[in-house]
Amino acid sequence: MSLLHRSWFNRANGLPLRSVLVVPFVIEIAVAVGLTGWFAWRTGQRTVHDLVVQLQLETNARIEQKLTTFLQIPPHLNRLNQNALELGYVDPHDSVALYQHFFQQAQAFEDANAIFWGDVEGEFVGNGHFNADRHQRMLAGSATGGAIQFHTVDSAGRPIILDRETLDFDPRDRSWYKAAVAAGQPTWGEIFTYHAYARMAIPAVMPLYDAQGELLGVLGNNFFLTQISEFLAQLNVGPNGQTYIIERSGELVASSTLPQPFTVTAGVTERINASQSKDPLLQTSAQFILETYGNFEQIQDITRLSFSHSQGRQFLQVSPFQDELGLDWLIVVVMPEADFMAPINANIQNFIWLCAGALGITIALGWLTSRWIMRPLQRLITAADEISSGQLEQDIPPAQVRELSRLGKSFNRMANHLEASFSQLRSANQAFAQTNQALQDSEEKFRQFAQNSNAVLWIYDRELQTSVYVSPAFETVWGRSCASLRQDHEVFLQAVHPDDRSLFSQTLADIEQTRTFLIDYRIVRPDGTIRWIRDRAFTLNNNQWLGGIAEDITDRKTIEQALVQSESQYRLLAENMSDLVCLHTPEGHYLYISSSIESLLGYHPRDLLGHQCFDLIHPSDRDRIQREIQQLLDGTALLLTYRIRKKAGDYRWFETVARALLNPAGQVIQLQTTSRDVTAKVRLQRQLEHDAFHDALTGLPNRNLLRERLDLAIRRIHQQEIYQFAVLFLDLDRFNVVNDSLGHLAGDEVLIEAAHRLQSTLTSKDVVARLGGDEFVILLEEIKGLHEAIRITEQIETRFQEPFWLNEHRMFIGASVGIVLGTVRYQQPDQLIRDADTAMYRAKGKGRSRYEVFDPAMHAQAFDRLHLETDLRHALERNELFVCYQPLVHLETGELKGFEALIRWQHPERGLVSPGEFIPIAEETHQIIPIGLWLMQTVAEQLVAWQAQRTAVGDSTPLTVSVNVSAIQLRDAGFMAMVDQVLATTQIPGAQLTFEITESILIEDVEAIADMLRRLRNRGIAISIDDFGTGYSSLSYLCDLPFTTLKIDKSFVSRMVESRKNRRVVETILTLTRLGMASVAEGVETAEQLALLQQLGCTYGQGYFFGKPAPAAVAQQWITGHSFRDAVKGLDIRR
């Protein structure tokens, strides 16, 4: 024992006193706390195990009770329906009555999610209750063609909406039907999943037999297993516990954590096996059961197990659940030990924390006690170390321990004696060092200043008349050595310029009174150069010494002299130049004004000196100029443009270059300005700006300004909900007629008058712009809606119905208008112009002098029209055009007079395109000119061939062919040359051609048209008025123009048998033919029409009664092998 004791103390030798006092006590407390906590934890584990077993049994009992309650309703419902069918309350073949029975049952039994009946013939009827307040009728069989239909029903059970339909449904192929037939008694079917409703259900089914034992069908109803999952989720099995139910196959039936225990992948529903679930605890527990028993079939009694999961122990109970209909499930309850151990662990932890707190307090008290003892000792140790290093100022405060307090007092007395001895020695050394250092610092500073200064520092002893000190700069400035000055002080006076020597001597003499002086004088260096010196002097050392600072100011004097000379030159220049030159104070008051102000503004310079320059600036420019002047503080030049008032009161535009004059401190001392009159330049610039945004002819805004205003309107409509605007695209009708007939000057007059009418119709906030040619665009701002835009458009149309007077010519020029209402879907101005243009072309296509409102369909039609126009340009070269001929028959003799040539277009993709669709496009694009030439050439060549065939059979009667000619062709300068070319190349007489024109052509430049018609008649070509009576008819034109034929429009012919009014119109037209013209009736389709035309004396007929338009090969048969005499003779009622 003595050896151990000695060994321990040997090891403890050198340990701190504090450790020796505290460590053993801490170890004793820690061991006691650890043992107490371990015993408490073991006791808690045993208690938790007993509690879990009890809770699992209670949970299992509640689940079995709830399952029994849930699952007894479906079989009971089947028995009720069996009784209803067997007793004859419901006929299984009456689907309507049977569904009403199921519908009423579903309302009584809310848990019956689907009640149904399927018979041996494949008929099926049922009620589905898939949502809280929604029922569906399910029907399949012969009435639905083998499909199953789901109808939503109303509150009375009547079908109202077909929700969906599934083909190839036969109840006899369903698993529930087969299960009931196989069992021969009530049973449960296989669990399945509704695809449409994401729910899993189990069917309760019962076969129904007749008195002979023959199967009639199967009754059934489905129970949604979701109800079981919802019940399990409500059970309290701890914060992390779970319950779930599985079949013997391991597939989940219900789960407290998985509301829908199945998955849907690519539309295919798959049930979840518990061992493959994504729920970690559920998957682990199922795999543990399989590892323990091999399969779920082996479990026949309640089994309790435990396993580890997530670093924690889990309690597991498996209990079989079976019923009389063959149901065989397993109920699994899993409870983590941690859920129950948590309070116990918390109590143990609290206990340990209390023990640890007590241990901590004990350690703290021990530490404080040791610190209470050790602190005085540590102070003594530290003070002793400081004294040994030379720090004698040490004071040990009194300690609470008596012995340590006495030791500290003795230590303090010793330290005080040492400090007193050394203090006296330190004070003496320090005073000496400070005095010596101050002297050295002062001497060094003066030496550095004197040696580095460009000025000459000098000291002169007046009593001894010697130089005491002169700085090195003396040699640089005076050009003499410092030693020469110390040897003879007269060197200083001898260097002074002779003209300044007397002034310098007098200044030295006055020093007795002044004590100081400041003088500028010149010196002459040994090399003969002259330097200017500024000398400041003062008395020193009781007036015995005279000291001073002399600096070289030669450069400054040179600059001052140059400034004086420059000012004289500047004044001379300013007084003799045309620009206005001024000097101002920083606040803008005039200090100097050149004489040119009289010629520029009419003021005399003295009239404005001292006045504020801003008073003359135009009020609209004044604030801007004052702000811009503030930018001159950095000394840079600034260009200003503004209006300034002349003495006469009017204003002129000035352009001014202004700059600030700064002093050495960077402060503005003056403003210098140079100005010139730029009134003519500003006016020219503004005119150029106006011309850039306005039309030169009408003065209206052009496309550039229009785009800016449209862009502003688009931004406003995106920012302001109540703002509305509209865009009108206006194109003058028949404007080309004016240009072609009366010349471009007359056209310009029309455009100017049109612009005036538009401006007088609109308000000041609206914009009228000319895009070019005869196209105008109008922006209507701040309108109340489309109705207001239409009202304004109608006013414009009314104004354009008034005639235009051009050189005593009265012209009617209408306007076609497209309207587009601005909406937030528009992002760019060009989109608005494009859609308004599209609507305008629709208005032209519907007859002109009208308006159309844009709708999105127009854009698609315009796009389609653009494609059609492009294809039409290539139709000739691709040989897509061909000619059909319709016979023209003499109504009295039945002889074939000739044909009307009708052009057709066989489009490679669209098929046959109507002439009414592509002819207007050809006219607008002037493609009608080459197409018309091709038509005339083709018809003429065909006439040559036909005439040769008739001559070969002995018939020399000439055939005639009518060709439609548009106003575009007649106004074309080369049209007559084309006609002559065709006649020359084919050698046919002009009398065999007839050109058909419409009445509307006569409105457009009748004089030019009349001249062209006369030239055609001179070549023998007949002129026919097509569709007479539908256009602009005028008896004067019939008399004055060389027409040969009137064609009665088919609209009159088709209704003249039934309508007395139309018959009188035809009679009137035929009366006009007595002026020496033939008549042709278009659209003859019936024998009654033919007979009436013969009775009225019509010359020729044309229509389907004689033949439809046909290619040349078919028309040739009419020439050689067909005669219309019998038809005409048989119907000639005049005979």
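The values are calculated or read from the model by the stated rules, or taken from the named source; none is laboratory data. Since this is a predicted model, take the numbers as computed values, not measurements. Cβ: placed from backbone, ideal geometry, glycine included. Neighbour counts: every protein chain shown.
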I'm checking my understanding of the structure. Among residues of the stretch 170-187 that are surrounded by fewer than 19 Cβ atoms within 10 Å (Cβ to Cβ) and touching a residue at least 40 places away in the same chain (Cβ under 8 Å), which one is farthest from VAL125 (Cα to Cα)?
ALA183
How many residues are at pLDDT below 90, under 14 Å from THR893 (Cβ atoms) and in contact with a Pro (Cβ under 9 Å, 6 or more places away or on another chain) when one looks only at the stretch 1082-1135?
1
Yes or no: GLY743 closer than 23 Å to PHE812 by Cα, small (Gly, Ala, Ser) and not assigned by TED's automatic domain parsing to the domain that holds LEU639?
yes
Hey, ALA991 hits all of (1) at pLDDT 85 or above; (2) in contact with an Asp or Glu (Cβ under 7 Å, 6 or more places away or on another chain) but one; which does it fall short on?
(2)
Unique residue being among the acidic types (Asp, Glu) and at pLDDT below 85 when the list is GLU230, GLU214, GLU270:
GLU270
Does the stretch 524-531 contain any residue that is in the same structural domain as LEU464 (by TED's automatic domain parsing) and either within 19 Å of ILE459 (Cβ to Cβ) or part of a helix (DSSP H, G or I) (or both)?
no
Take the residues of the stretch 1017-1047 that are among the acidic types (Asp, Glu) and surrounded by 14 or more Cβ atoms within 10 Å (Cβ to Cβ): which is modelled with the lowest pLDDT?
ASP1027
Tally of residues being hydroxyl-bearing (Ser, Thr, Tyr) and buried (at least 23 other Cβ atoms within 10 Å of the Cβ) across the stretch 810-837
1
Being of a type in the set (A, V, I, L, M) and over 24 Å from ARG842 (Cα atoms): is that true of ILE722 here?
yes
Look at the stretch 122-169 and say how many of its residues are acidic (Asp, Glu) and in contact with a helix residue (DSSP H, G or I) (Cβ under 9 Å, 6 or more places away or on another chain).
2
The residue from ALA769, ALA755 that alone is small (Gly, Ala, Ser) and either within 35 Å of the chain's Cα centre (by Cα) or closer than 27 Å to GLU923 by Cβ (or both) is ALA769
Any idea which of ALA973, ALA967 is modelled with pLDDT under 90 and in contact with an Asp or Glu (Cβ under 8 Å, 6 or more places away or on another chain)?
ALA967
Which condition number in (1) out of contact with any helix residue (DSSP H, G or I) (no Cβ under 7 Å at 6 or more places or on another chain); (2) assigned to a strand (DSSP E or B); (3) not hydrophobic (A, V, I, L, M, F, W, C) is the one that GLU852 fails?
(1)
Taking the stretch 265-321 and keeping residues of a type in the set (Val, Ile, Thr), outside any loop (DSSP other than H, G, I, E, B) and over 20 Å from GLU190 (Cα atoms) leaves THR265, THR284, ILE289, THR292, THR303, VAL318
Can you tell me which residue is surrounded by the fewest Cβ atoms within 10 Å (Cβ to Cβ) among those in the stretch 930-973 that are over 22 Å from ALA1113 (Cβ atoms) and touching a Gly at 6+ places or on another chain (Cβ under 8 Å)?
SER966
List the pairs whose first member sits in the stretch 820-834 and is touching a residue at least 60 places away in the same chain (Cβ under 8 Å), whose second member is of a type in the set (D, E, K, R) and surrounded by fewer than 16 Cβ atoms within 10 Å (Cβ to Cβ), and whose Cβ atoms are under 6 Å apart, counting only residues at least 6 apart or on separate chains?
PRO829/ASP711
Would the stretch 652-659 turn up any residue that is outside the structural domain of LEU706 (by TED's automatic domain parsing), of a type in the set (D, E, K, R) and not in a strand (DSSP E or B)?
no
Please enumerate the residues belonging to the stretch 80-100 that are crowded, with 21+ Cβ neighbours inside 10 Å and either without any contact (Cβ under 8 Å) to a residue 60 or more places away in the chain or part of a loop (DSSP other than H, G, I, E, B) (or both).
LEU98, TYR99
If ALA991 satisfies every condition in (1) touching a residue at least 60 places away in the same chain (Cβ under 8 Å); (2) among the small types (Gly, Ala, Ser); (3) part of a helix (DSSP H, G or I) but one, which is the exception?
(1)
Given the criterion among the charged types (D, E, K, R) and modelled with pLDDT of 85 or more, identify the matching residue among ASP510, ASP527.
ASP527
Checking TYR603, TYR642 in turn, the sole residue that is part of a strand (DSSP E or B) and modelled with pLDDT of 90 or more turns out to be TYR642
